[in-house]
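Visitor: Please find one structure pasted underneath; my questions will follow.
The values are calculated or read from the model by the stated rules, or taken from the named source; none is laboratory data. In this text the structure is predicted, and so the values were computed from the model without any measurement. Because the Cβ atoms are built from the backbone with ideal geometry, glycine has one as well, and the counts that use them run over all protein chains shown. Calculation scope for accessible area: heavy atoms of the full protein, side chains included, ligands and nucleic acids excluded. Shrake-Rupley method; radii C 1.70, N 1.55, O 1.52, S 1.80 Å.
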Amino acid sequence: QVRLVESGGGLVQPGGSLMLSCQASGSIFSISGMAWYRQAPGKQRELVAGISEAGTTRVADSVKGRFTISIDNVKKTLYLQMSSLKPEDTAVYYCNLWSGGYPRWFDFGSWGQGTQVTVSS
């Protein structure tokens with residue numbers, strides 16, 4: 001069974017930057033797309049950025065130009081570089097498999113604990 005552990009969240013001021021990491025156990029990166037999702041209080045979980053098995057990326061319009069997704073298949077780690085952060089980016093961020101769909105996406109379940117990102121002055 002694949003286990004995904006997110007880290008790197010924290011409190012940051014508006015305009016600041018953070019790098020999130022997602023460490024995976026098992027060999028899934030080479031056979032499945034991966035993505036970052038987020039869920040703000042009272043809102044549905046949404047896709048933030050995804051990367052396919054071929055390395056093609058897709059970023060939500062709300063974070064385009066500010067967030068970058070990348071992957072290290074050797075380290076089995078997924079990253080999300082976030083810059084120019086805004087208060088509306090405040091959410092719990094999760095990584096998980098990605099079927100390639102946007103804006104609709106398939107929920108594979110088995111969500112981890114996520115990592116909290118809070119953007120506030």
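Visitor: Just to be sure I understand, how many residues within region 97-120 are part of a strand (DSSP E or B) and either at pLDDT 95 or above or over 17 Å from Gln44 (Cβ atoms) (or both)?
Guide: Number satisfying all stated conditions: 6.
Visitor: Residue check: is Gln44 in contact (Cβ under 8 Å) with a residue 60 or more places away in the chain, out of contact with any His (no Cβ under 9 Å at 6 or more places or on another chain), of a type in the set (S, T, N, Q) and farther than 19 Å from Arg3 by Cβ?
Guide: no
Visitor: Restricting to region 53-71, name every residue that is open to solvent by less than 60 Å² (accessible area, probe 1.4 Å), closer than 14 Å to Gly33 by Cα and modelled with pLDDT of 95 or more.
Guide: Across region 53-71, the qualifying residues are Val59, Ile69, Ser70.
Visitor: Return the only residue of Val74, Val48 being open to solvent by less than 10 Å² (accessible area, probe 1.4 Å) and either part of a strand (DSSP E or B) or at pLDDT below 95 (or both).
Guide: On inspection, the qualifying residue turns out to be Val48.
Visitor: If a residue must be aliphatic (A, V, I, L, M) and open to solvent by 30 Å² or more (accessible area, probe 1.4 Å), how many such residues does region 93-117 contain?
Guide: Result for region 93-117: 1.
Visitor: Is it fair to say Tyr94 is at negative phi and in a loop (DSSP other than H, G, I, E, B)?
Guide: Considered against the rule, which asks whether it is at negative phi and in a loop (DSSP other than H, G, I, E, B), Tyr94 comes out as no.
Visitor: Considering only region 10-41, how many residues are at pLDDT 95 or above and either hydrophobic (A, V, I, L, M, F, W, C) or out of contact with any helix residue (DSSP H, G or I) (no Cβ under 9 Å at 6 or more places or on another chain) (or both)?
Guide: 17
Visitor: Any residue in region 2-26 that is more than 15 Å from Asn73 (Cβ to Cβ) sitting within a Cβ distance under 7 Å of a residue that is part of a strand (DSSP E or B) and open to solvent by 60 Å² or more (accessible area, probe 1.4 Å)? List the pairs, counting only those 6 or more apart or interchain.
Guide: Within 7 Å, the pairs are Val5/Gln23; Gly8/Met19; Gly9/Gln116; Met19/Gln81.
Visitor: Look at Leu85 and say whether it is part of a loop (DSSP other than H, G, I, E, B) and open to solvent by less than 40 Å² (accessible area, probe 1.4 Å).
Guide: yes
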